[in-house]
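Undergrad: If you scroll down you'll find the structure; I have some questions about it.
The values are calculated or read from the model by the stated rules, or taken from the named source; none is laboratory data. In this text the structure is predicted, and so the values were computed from the model without any measurement. Every residue, glycine as well, gets a Cβ built from its backbone with ideal geometry; the counts of neighbours run over all protein chains shown. Side chains included, ligands, DNA and RNA excluded: accessible areas come from the protein's heavy atoms. Shrake-Rupley method; radii C 1.70, N 1.55, O 1.52, S 1.80 Å.
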Amino acid sequence: MAEKILHAIYDDDDKLLAAVKKIKEAKIDIEEVYTPFPVHGLDKVLGLKETRLAITAFIYGCIGFSFAIWMMNHIMILDWPQNIGGKPSFSFIENMPSFVPIMFELTVFFAAHLMVITFYLRSKLWPFKEAENPIPNTTDDKFLIEIKFDGSEKEIKKLIKETDVLEIKLHLNKKNDND
Amino acid sequence: MASHYEAPIRKPLVTGGKSYHDVSVDIVNAVEGKANKQWWIVFSIALIMFLWGIGCIIYTISTGIGAWGLNKTVGWAWDITNFVWWVGIGHAGTLISAVLLLFRQKWRMAINRSAEAMTIFSVIQAGLFPIIHMGRPWLAFWTLPIPNAYGSLWVNFNSPLLWDVFAISTYLSVSLVFWWTGLLPDFAMIRDRAVKPFQKKIYSLVSFGWSGRAKDWQRFEEVSLVLAGLATPLVLSVHTIVSFDFATSVIPGWHTTIFPPYFVAGAIFSGFAMVQTLLIVMRKVSNLENYITIQHIELMNIVIMITGCIVGCAYITELFIAWYSGVEYEQYAFLNRATGPYWWAYWSMMTCNVFSPQFMWVKKLRTSIVFSFVISIVVNIGMWFERFVIIVTSLHRDYLPSSWTMFSPTVFDIGIFLGTIGFFFVLFLLYSRTFPVIAQAEVKTILKTSGDNYKKMRDKNG
């Protein structure tokens, strides 16, 4: 387990991007980057995989669509068919045009809500969750690169000093047991 | 700087030479500062109206719907007029945050948060009317398809009123999560600045522990995009379904195929007018003139002008089709609208919705703050009249001349309507003091492309 944590703080998104590129080129692992807003291209430079949330939304939408069909077929055709204004009630396909609006609404309902819930769970966001950004300014105007490592900090520090860094902070990793 | 290039023809969207930190400070000011006298005055008026409305609601529910001015011929009047009016107003919020996101319109970023807040608050007002009109609002859950203890009694999925239940509740809940997800980074910014322990606690709670990791941002952007993609057809479907409440009936004046697009255009029209009304005041009160610039006002005026023309086109199409159909009941319904006893409502609607936005063709007028404000109020009034005209004039002279009658609202009709206006402003005023009213994280992403200081720097250095 890494015993030291280095925080490199930047005050500009372009400086951060350049620094991340440089650190990556030197084959040093970046543990995490905290930014106040989405920095475009950062995920590519960091080599993050593309998120699959859009795919989950599609699957959830399909579930919502199927649920709507099942529900309305069960209620209007199977359980209690009624003659309402002469509309055909004994065959799903003939009654289907009236069901289209709710099929659509439930598709959107399922896709949107379940995707957002998935996002909250995957990114660990919920009420009473403690924030984990190391310095509070990273939600304002500072950008922070976190590097965990063992041994001497000399080389890493030297490399980071070559970038346009504002401040470097070194910590001992106290959370070793938990990691 | 090269990667932040934007065509020089584009005017700056953030003025005043702001840095990232300035953006945070400016937006957090309203939250950290104290409310001024005007805020308290307006809030008190809104609160009194709201309480008055609650009184009228209690009276209506305890006495019965007979407290309203409805009669056997005009069975729907102010309640549904107000319902459609409020739902329509809500549409601009989603349009700004979702449709303009898909079109990559950067100017949306200064106004989307407040527009979405407006959406949520106005859909709440809208939802009140059908629930009160049920007479026994504690049975409102009967509109849901839940197995119950009264036998196999289900809701009727053939009814557009039930489609409304699904459409409005999906719309309200999806708008809410869309809004809240966008709020997380901004709440986090306030949380990390907060000095007072109580404030820190509240904003920690509502920011869901947002930390701004690279992966979180990647997911955040994807979720925003997909939600925008879902919300766009959703918002169009909602007002389409609201128009089905009328269009699927066989009442002359309601039974028209043009209703869905016509209602959607009208909704966008009235919603933008309400955004304009709210933001012109808010930019002044909260000192946000550098973020909600004259250019934003101008662009919104252009949307108002275009949707006003679409609505005008729909009015004329309706008249033409009524004549062209050869159906005398249809022809009479429209003739009666324009020249019958409710001519004043029809021509108020025409003046406010079709003629007044035409002033926006003049650049001087659409960049004038006072003029924009006046027109936005006029449009809001006009769109209320539109719904009144559609609903009441189509009903009051039906197939049977012996039941022809007029509608006049009672003090309770008026009181409940004023009450919802009060409730809306109570919510909006509280929001403007406690929420980040501009999506600051998003504004920071466009600062280098669209901030005036960066633009000048680029012009100088190339």
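Undergrad: Please identify the helices of chain B, taking whole runs of DSSP H, that span at least 30 Å along their own axis as judged from the Cα atoms and have a mean Kyte-Doolittle score of -1.0 or higher.
TA: Details: long enough: B:37-63 (39 Å, 1.48); B:112-133 (32 Å, 0.75); B:160-193 (48 Å, 0.81); B:214-247 (49 Å, 0.71); B:259-285 (39 Å, 1.30); B:294-325 (45 Å, 1.36); B:411-434 (34 Å, 1.72).
Those that clear 30 Å and a mean of -1.0 are B:37-63, B:112-133, B:160-193, B:214-247, B:259-285, B:294-325, B:411-434.
Undergrad: Suppose R0 equals 56 Å; then what is the FRET efficiency for A:Lys22 and A:Trp80 from their Cβ-Cβ distance, rounded to the nearest 0.05? Intermediate results must be reported in sequence, preceding the final value.
TA: Numbers: r = 69 Å, r/R0 = 1.24.
In this case the efficiency is close to 0.20.
Undergrad: Now, a different point. Work out which chymotrypsin sites (Phe, Trp or Tyr not before Pro) in chain B are exposed loop sites (DSSP not H, G, I, E or B, at most 16 other Cβ within 10 Å) and give the longest gap free of them. Could the numbers behind the result be given before it?
TA: Working: sites that count: B:Tyr5, B:Phe103, B:Tyr150, B:Tyr399, B:Trp404.
With a cap of 16 other Cβ atoms within 10 Å, the longest stretch comes to B:151-398.
Undergrad: May I ask which residue of B:Gln276, B:Tyr20, B:Gln358 lies farthest towards the positive end of the charge dipole of chain B, with charges of +1 (Lys, Arg) and -1 (Asp, Glu) on Cβ and the Cα centre as origin?
TA: B:Tyr20
Undergrad: Over chain B, what relative contact order in percent results from Cα pairs under 8 Å that are six or more residues apart?
TA: Numbers: 611 pairs, mean separation 157.2, N = 462.
Reported as a whole number, the value is 34 percent.
Undergrad: While we're here: With charges only on Cβ, +1 for K and R and -1 for D and E, what is the dipole size of the stretch B:292-424 about its Cα centre, in debye, rounded to 20? It would help to have the intermediate numbers written out before the result.
TA: On the way: 6 positive and 7 negative charges, 93 e Å.
I would put it at about 440 debye.
Undergrad: So what is the relative contact order of the stretch A:53-122, in percent, for Cα pairs below 8 Å that sit 6 or more residues apart? Walk me through the numbers before you get to the answer.
TA: Values: 61 pairs, mean separation 37.5, N = 70.
Once divided by the residue count of the stretch A:53-122, the mean separation gives 54 percent.
Undergrad: What list of ³J(HN,Hα) values in whole Hz, one per residue of the stretch A:46-62 in order, does the Karplus curve 6.51 cos²θ - 1.76 cosθ + 1.60 (θ = phi - 60°) give from phi, with Gly and Pro shown as x?
TA: Per-residue couplings from phi come out as 6, x, 6, 5, 5, 6, 9, 4, 5, 5, 4, 4, 5, 5, 4, x, 4 Hz.
Undergrad: Among B:Gly182, B:Asn336, B:Leu70, whose Cα sits farthest toward the positive end of the charge dipole of chain B (+1 at Cβ of Lys/Arg, -1 at Cβ of Asp/Glu, about the Cα centre)?
TA: Checking the options against the dipole of chain B, the answer is B:Gly182.
Undergrad: Pairs of alpha-carbon atoms within less than 8 angstrom and 6+ residues apart define the contacts here; what relative contact order does chain A have, in percent? Working shown, then result.
TA: Values: 204 pairs, mean separation 98.1, N = 179.
Result for chain A is 55 percent.
Undergrad: With a 1.4 Å probe and all protein chains left in place, how much accessible area per residue does the protein assembly as shown have, in Å²? Let's see the in-between values first.
TA: Values: 28440 Å² over 641 residues.
Solvent-accessible surface per residue comes out at 44 Å².
Undergrad: May I pose another question? Gain in length, B:Tyr59 to B:Lys456, computed as 0.36 nm per residue apart minus the alpha-carbon separation, to one decimal in nm? Show your work: numbers first, answer last.
TA: Numbers: separation 397, 0.36 × 397 = 142.92 nm, distance 6.15 nm.
Gain in length upon complete extension: 136.8 nm.
Undergrad: What does the average come to when, for each residue of peptide A:4-14, you count the partner chain Cβ atoms lying within 10 Å of its Cβ?
TA: Working: counts 0, 0, 0, 0, 0, 0, 0, 3, 3, 7, 5.
What the average comes to for A:4-14 is 2.
Undergrad: Now for a different question. Whenever you get a sec, line up B:Ile58, B:Ile377 from highest to lowest accessible area (probe 1.4 Å, protein heavy atoms). Show your work: numbers first, answer last.
TA: Numbers: B:Ile58 105, B:Ile377 65 Å².
Heavy-atom accessible area, descending, gives B:Ile58, B:Ile377.
Undergrad: Would you work out if the protein assembly as shown is rounded, prolate or oblate? Take a ≥ b ≥ c from the square roots of the eigenvalues of the alpha-carbon gyration tensor; rounded if a/c is under 1.5, else prolate when a/b is larger than b/c, oblate otherwise. Write out the running numbers ahead of the final one.
TA: On the way: a/c = 2.19, a/b = 1.70, b/c = 1.29.
Prolate is the answer for the protein assembly as shown, as a/c is 1.5 or above and a/b outweighs b/c.
Undergrad: Taking the Cα centre of chain B as origin, work out the dipole magnitude from +1 charges on Lys and Arg Cβ and -1 charges on Asp and Glu Cβ, in debye rounded to 20.
TA: Details: 34 positive and 24 negative charges, 362 e Å.
Charge dipole of chain B: 1740 debye, to the nearest 20.
Undergrad: Which value, in debye to the nearest 20, describes the size of the charge dipole of the stretch B:181-259 about its Cα centre when Lys and Arg Cβ atoms bear +1, Asp and Glu Cβ atoms bear -1, and nothing else is charged? It would help to have the intermediate numbers written out before the result.
TA: On the way: 8 positive and 6 negative charges, 121 e Å.
Using only the charged Cβ atoms, the result is roughly 580 debye.
Undergrad: Find me the longest stretch of chain B that has none of the exposed trypsin sites (Lys or Arg not before Pro), where exposed means in a DSSP loop (not H, G, I, E or B) with at most 10 other Cβ atoms within 10 Å. The partial results should precede the final answer.
TA: Values: sites that count: B:Lys34, B:Lys72, B:Arg104.
Longest gap between qualifying sites, sites excluded: B:105-462.
Undergrad: For B:Lys456, give me every one of the lysines with a C-alpha distance below 16 angstrom, ignoring sequence neighbours fewer than eight places off in its own chain.
TA: B:Lys11, B:Lys18, B:Lys448
Undergrad: For the pairs B:Lys364/B:Lys444; A:Lys129/A:Lys169; A:Lys158/B:Lys460; A:Lys142/B:Lys106, flag any whose C-alpha to C-alpha distance is greater than 28 Å.
TA: Values: B:Lys364/B:Lys444 30 Å; A:Lys129/A:Lys169 25 Å; A:Lys158/B:Lys460 35 Å; A:Lys142/B:Lys106 23 Å.
Where the Cα-Cα span goes over 28 Å, the pairs concerned are B:Lys364/B:Lys444; A:Lys158/B:Lys460.
Undergrad: Once you place label points 7 Å from the Cα toward the Cβ at B:Leu139 and B:Ile251, how far apart are they in nm?
TA: 2.3 nm
Undergrad: Tell me which GluC sites (Glu not before Pro) from the stretch A:99-179 have a DSSP coil assignment and no more than 13 other beta carbons within 10 Å of their own. Write down the numbers at each step before the final one.
TA: On the way: sites: A:Glu105, A:Glu130, A:Glu132, A:Glu146, A:Glu153, A:Glu155, A:Glu162, A:Glu167; in loops: A:Glu130, A:Glu132, A:Glu153.
Passing sites in the stretch A:99-179 are A:Glu130, A:Glu132.
Undergrad: Let me have the 222 nm mean residue ellipticity of chain B computed from DSSP H runs of 4+ only, each contributing -39500 (n - 2.57), with the sum over all residues rounded to the nearest 500. Please report the intermediate quantities before stating the final value.
TA: Numbers: 16 runs with 305 residues, N = 462.
Mean residue ellipticity at 222 nm (helix-derived): -22500 deg cm²/dmol.
Undergrad: What number do you get for the stretch A:26-179 when its Cα radius of gyration is normalised by 2.2 N^0.38 Å, N = residues? Could the numbers behind the result be given before it?
TA: Working: Rg = 26.2 Å, N = 154, 2.2 N^0.38 = 14.9 Å.
Computed over Cα atoms of the stretch A:26-179, the ratio equals 1.75.
Undergrad: Can I ask one more? Starting from the Cα gyration tensor of the stretch B:154-226, take the square roots of the eigenvalues, sort them a ≥ b ≥ c, and report rounded, prolate or oblate (rounded when a/c is under 1.5, otherwise prolate if a/b is larger than b/c, else oblate). Can you show the working numbers first?
TA: Working: a/c = 4.84, a/b = 2.12, b/c = 2.28.
Since a/c reaches 1.5 but b/c is at least a/b, the shape of the stretch B:154-226 is classed as oblate.
Undergrad: On a straight-distance basis, which aspartates and glutamates could pair with A:Lys148 in a cross-link, Cα separation under 13 angstrom, same-chain partners fewer than 8 positions away excluded?
TA: Qualifying aspartates and glutamates at Cα under 13 Å: A:Glu3, A:Asp29, A:Glu31, A:Glu32, A:Asp179.
Undergrad: Still on this structure: Which is farthest toward the positive dipole end of the stretch B:278-413 among B:Thr405, B:Ala322, B:Val389, measuring Cα position about the Cα centre, with Cβ charges +1 (Lys, Arg) and -1 (Asp, Glu)?
TA: The residue sitting most towards the positive pole is B:Val389.
Undergrad: Amide H to amide H, which residues 5 or more places from A:Glu32 or on other chains are under 5 Å from it, using H placed in the peptide plane?
TA: So A:Glu32 has HN proximity to A:Glu146.
Undergrad: Based on the alpha-carbon gyration tensor of the stretch B:354-462 and its eigenvalue square roots a ≥ b ≥ c, which shape applies: rounded if a/c is under 1.5, prolate if not and a/b is larger than b/c, or oblate?
TA: Values: a/c = 3.83, a/b = 2.10, b/c = 1.82.
Prolate.
Undergrad: Give me the compactness ratio for the stretch A:117-179, meaning the Cα radius of gyration over 2.2 N^0.38 Å.
TA: Working: Rg = 15.3 Å, N = 63, 2.2 N^0.38 = 10.6 Å.
Normalised Cα radius of gyration, the stretch A:117-179: 1.44.
Undergrad: Can you give the extra length, in nm with one decimal, that the chain gains between B:Gln331 and B:Thr405 once fully stretched, where that is 0.36 nm per residue apart less the Cα-Cα distance? Walk me through the numbers before you get to the answer.
TA: Working: separation 74, 0.36 × 74 = 26.64 nm, distance 1.90 nm.
Answer, rounded to one decimal: 24.7 nm.
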